[in-house]
């Protein structure tokens with residue numbers, strides 16, 4: 001563990017595929033090196049990105065009287081961080097190969113964008129919030 005940070009360790013574990021942790025670490029640390037090239041604290045940018053992308057409200061399906069309702073509920077802290085990590089990683093993986101050659105460059109770009117409040121992961125968060133806002137009428141079904 002290079003940064004002695006639990007959030008960093010969790011993020012690396014989320015990046016990991018097929019048990020290849022060293023590959024995931026190399027990609028993540030490479031991304032942080034890219035981010036820190038812009039004269040910013042890399043871990044601060046990473047944490048800012050996680051905070052920005054994490055949703056505050058989401059919808060959950062609830063079955064009441066034979067009908068399914070999308071009920072908006074508050075997202076607890078651990079799930080908020082988990083969703084933010086997942087969305088950032090997915091958005092980084094979907095970035096085009098022509099523009100960014102390696103995953104670490106894709107991840108660096110996505111972290112920078114997320115920290116600034118733009119990018120694909122932030123769009124995903126906005127979609128979830130819009131969904132919750134649209135179904136606010138069913139919020140009295142909360143359990």
Residue 99 passes all but one of (1) at pLDDT below 90; (2) assigned to a strand (DSSP E or B); which number fails?
(2)
The stretch 66-86, residues that are without any contact (Cβ under 8 Å) to a residue 24 or more places away in the chain and either touching a strand residue (DSSP E or B) at 6+ places or on another chain (Cβ under 8 Å) or exposed (fewer than 11 other Cβ atoms within 10 Å of the Cβ) (or both):
66, 67, 68, 74, 75, 76, 77, 78
Looking at (1) touching a residue at least 60 places away in the same chain (Cβ under 8 Å); (2) within 30 Å of residue 139 (Cα to Cα), which is the one condition that is false for residue 89?
(2)
For the stretch 120-128, state whether one or more residues are touching a strand residue (DSSP E or B) at 6+ places or on another chain (Cβ under 8 Å) and surrounded by fewer than 20 Cβ atoms within 10 Å (Cβ to Cβ).
yes
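The values are calculated or read from the model by the stated rules, or taken from the named source; none is laboratory data. Keep in mind that what you see is a predicted model, and the values were worked out from it rather than measured. Cβ: placed from backbone, ideal geometry, glycine included. Neighbour counts: every protein chain shown.
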